[in-house]
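Below you'll find the structure, written out as structure tokens, and then a few comments.
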Amino acid sequence: MTTILTVNNITKVYTMREGSVNALNEVSFAITKGDFVSITGPSGSGKTTLLLALSGLIRPTAGSIIFEEKHLEKASDKELAEFRKNNVGFVMQNFSLIPYMTAIQNVMIPLGLSGKTMIEQRELSEAVLGLVGLEDRKNHFPRELSAGQQQRVAIARALINNPTLIFADEPTGNLDPLLSTEILEFLKKINKERNITIMMVTHSPQAAEYGNTRIHLRNGTMDTLHSKETKTLTE
Amino acid sequence: MNLFTIVWLELGQRKTQLVSGILAITLGIGVIVAIRSISVVSEKAVAVNLDNLGANILVLPQGANVDNYYAADIDAPTLPEEYVERIVTSDLTGVDNLSPKLTRRININGQKLVLTGILPKNELASKPIWQNSGLFGGDLKVACGPNPSNETLGYKDEKLQRKSIDSLGISDCLIGSNAAIRLKVKEGDKIIVEGTELKIGKVLGETGTIDDDRVFAHLHTVQNILGIQGQVSAIEIMGCCNAISDGLLSKLRNILPDTKITTIGQIVSTQIKTNKLMNQISLIILIIIVFVGGISIGNYMWANVNERKREIGILRMIGYPKSSIYFVLMLKAAIMGLAGGIIGYLAGVVIAWFLGPYIAGVNIPPIPGLLIWSIVISVFISLVGSVLPAWFAARFEPFTNMQEV
């Protein structure tokens, strides 16, 4: 079992006009390659802040985040962009698709900096859209797709660069229960079949059940780190 | 997918905004192209018209003045004809034409007239030593404007007081209308001037000037008649007004230090003022366009960047570095500038074509060189106006997509 992500005492303080807010307070844990981690907690508990920090979208105020021996908290903006481009896929609650691009064009976006030719990009994107069952919708714009289909396009985009990690922020937040199950099953499938580590923020206890590891946050502090295999690992 | 595709796809969106953004710069460029086209063409027209008026620089002997010259004083000082050669063989630019003249009052058959010796243009151009000089070497065209063509411009003016003559035989003369009446002669007749017989090649039309009482003959003939070989009263020069502004007079003074060089003020100042006015109008409009166009494009880019915060956030989240975001926005600005420049140029050509005859009284043909100029200005304005919005956009945090922080 390889540790892919190590988090040591990360703290994130947001400084605002009204004062400072401790969004994260000395959170520590380690994630193994192939884990499906559910991050739960009430609103304002710091779930998304944790996801942002782990994915290199923000830097922690203190502490360290180590991804494959690289300290993300010390990385430059350019290095973090590189880290996200090469290792990370994102699946967001609002799908984060660009409205004037077709499904296949949205999936091709991460390949824009890969140096691959347009033909190569198109072939790869068609294959990944096939994987999520949307090859016949590749030329449809997001507005022409259902919510579930849009989220599958987002998943295809997250997969296109063969990421090590997928960060999902409330991926089923905008979906009905049936579609939620479909998406969660799909995430579980790629987690198992491709050994991609998934870190998913969710409010839903049912969605959280898909994770083999659960991190529960409360007021920016880690409440529990629970693994189905090992039960409570740390507190 | 690449950065160009992203820009291209985005350009297809928000078409109304895009059109209004380009329109501002298009109108600006259109107006300036129109004004510039009209000013350039009318400047040339003015230059041709002024050329028809004659020389604008006089080289006089030291101690002489313009009054001596026009009065054709008997004792007026002279300068060596060799000075013509000095000018012609120098590397001066901006000298379109020059005409050495020797003028004296004479008495022919009891009539007091003015005898003017002129060196015809064809003789100047035919001197071997001058063949390869800057003035006559291969190109006799005007240095600062079009070659005035009498035919195309309908030039019928026969005033010769400050003009050169194309050809004149050694025993020929031209005679002013009043002189012809007073001497009772006509074309083809012969007159005796101080013992020398001259055949009247042409009786000039009435001009209302001293030319009406003048007899024009070949310079060397007049020098022989008057017994002042190798001397001239003055050298008249048609100088390009821009060259005069750029110091043509002082350059001439360096070549001919012991002469008095003067401009025919009214003509030169009219030329210079006309050109300056046109250039100033163009410059003022250019400055306005730079400000208005830059602000307009900048305003559009601000709005665009704010509307696209989410898209920019997506690109940043996926791994596009700040430099790529900056590049995407600046590329878009450049494309808008390019489009604005080309459409603006075409609009300007059409405006000039329609308004030219009314404003300047001349037809305004397209000036292809202005297309490059339009594109450069337009792209420059567009890029400058977009620098700040693009810089701020590149600094957008990539987590603008996240629902909760």
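To the nearest 20 debye, what charge dipole does the range A:2-100 have about its Cα centre, counting +1 at the Cβ of each Lys and Arg and -1 at the Cβ of each Asp and Glu? Don't skip to the answer; put the middle values down first.
Working: 10 positive and 9 negative charges, 33 e Å.
The dipole of the range A:2-100 has a size of about 160 debye.
The separation of the range A:1-79 from the range B:322-378, counted between C-alpha centres, amounts to 52 Å. At what distance in nm do the modelled label points of residue A:135 and residue B:380 sit from each other, each positioned 7 Å from its Cα along Cα→Cβ? Distance between the two pseudo-spin positions: 5.4 nm.
Across peptide B:368-380, how many C-beta atoms of other chains are within 10 Å of each residue C-beta, on average? Present the calculation step by step, with values, prior to reporting the outcome.
Numbers: counts 0, 0, 0, 0, 0, 0, 0, 0, 0, 0, 0, 0, 0.
Average neighbour count from other chains, rounded to a whole number: 0.
Just want to confirm a number: the relative contact order over chain A, from Cα pairs under 8 angstrom separated by 6+ residues, in percent.
Values: 464 pairs, mean separation 66.8, N = 235.
Dividing the mean separation by the residue count of chain A yields 28 percent.
Go through A:33/A:70; A:116/B:309; B:101/B:121; B:121/B:251; A:138/A:189; A:78/B:322 and tell me which ones have a Cα-Cα distance over 19 Å in this structure. Where the Cα-Cα span goes over 19 Å, the pairs concerned are A:116/B:309; B:121/B:251; A:138/A:189. With r defined as the distance between the Cβ atoms of residue B:228 and residue B:280 and R0 fixed at 41 Å, what FRET efficiency is calculated, to the nearest 0.05? For R0 = 41 Å, the calculated efficiency reads 0.30.
The distance from the alpha carbon centre of the range B:1-22 to that of the range B:217-239 is 72 Å, rounded to a whole number. Most simply put, the range A:3-234 has about 60% antiparallel DSSP beta bridges, counting only bridges with both residues inside it.
Tell me the carbon and sulfur percent of the accessible area for the range B:345-396, rounded to whole percent, probe radius 1.4 Å. Intermediate values should be presented prior to the final figure.
Numbers: 2320 of 2890 Å².
The value for the range B:345-396 is 80 percent carbon and sulfur by accessible area.
May I ask for the net charge around residue B:300, where only other residues with Cβ less than 11 Å from the Cβ of residue B:300 are counted and Lys, Arg are +1 while Asp, Glu are -1? Result for the local shell: +1. Residues of the range A:164-197 that bury at least 20 Å² of accessible area once all protein chains are present, compared with their chain alone (1.4 Å probe, heavy atoms only, ligands and nucleic acids left out), are A:169. In this structure the amide hydrogen of residue A:200, modeled in the peptide plane, comes within under 5 Å of the amide hydrogens of A:37, A:38, A:39, A:168, none closer than 5 places in sequence on its chain.
Whenever you get a sec, compute what percent of the accessible area on the range A:78-235 sits on carbon and sulfur atoms (1.4 Å probe).
Numbers: 3280 of 6660 Å².
Carbon with sulfur: 49 percent of the solvent-accessible area.
Computed extension length for residue B:186-residue B:170: 3.9 nm, one decimal, from 0.36 nm per residue of separation with the Cα-Cα distance subtracted.
Averaging Cα coordinates gives a centre for the range A:89-166 and one for the range A:174-213; these two points are 18 Å apart. Per the accessible-area calculation with a 1.4 Å probe, the total area buried between chain B and chain A rounds to 2900 Å².
Using a probe of 1.4 angstrom and keeping all protein chains present, the accessible surface of the range A:3-234 works out to 41 square angstrom per residue.
Site pair residue B:255 and residue A:68 shows an inter-label distance of 7.7 nm when each label is modelled 7 Å from Cα along Cα→Cβ.
Close amide H partners of residue A:24, meaning residues 5 or more places away or on another chain with modelled amide H under 5 Å apart, are A:12. Our coupling estimate for the range B:89-94, obtained by passing each phi through the Karplus curve with A = 6.51, B = -1.76, C = 1.60 and θ = phi - 60°, is 8, 7, 9, 5, 10, x Hz, Gly and Pro reported as x. For residue A:5, the residues 5 or more places off, or on other chains, whose built amide H falls under 5 Å of its own are A:31. In chain A, the DSSP-assigned H stretches of four residues or longer account for a calculated mean residue ellipticity at 222 nm of -9500 deg cm²/dmol, using -39500 (n - 2.57) per stretch and the full residue count as denominator. Each eigenvalue of the Cα gyration tensor of the range A:124-227, multiplied by 5 and square-rooted, gives one semi-axis; in descending order these are 26, 16, 11 Å. Placing +1 on the Cβ of every Lys and Arg and -1 on the Cβ of every Asp and Glu, with nothing else charged, gives the range B:292-405 a dipole about its Cα centre of roughly 160 debye. Rounded to the nearest 20, the size of the Cβ-charge dipole of the range A:3-234 about its Cα centre is 200 debye, with Lys and Arg at +1 and Asp and Glu at -1.
The values are calculated or read from the model by the stated rules, or taken from the named source; none is laboratory data. Remember, it's a predicted structure, so these values are computed and weren't measured experimentally. Using ideal geometry, Cβ is built from the backbone for each residue, glycine included, and neighbour counts are taken over all protein chains shown. Just the protein is used for accessible areas: all its heavy atoms, side chains included, with ligands, DNA and RNA removed. Shrake-Rupley method; radii C 1.70, N 1.55, O 1.52, S 1.80 Å.
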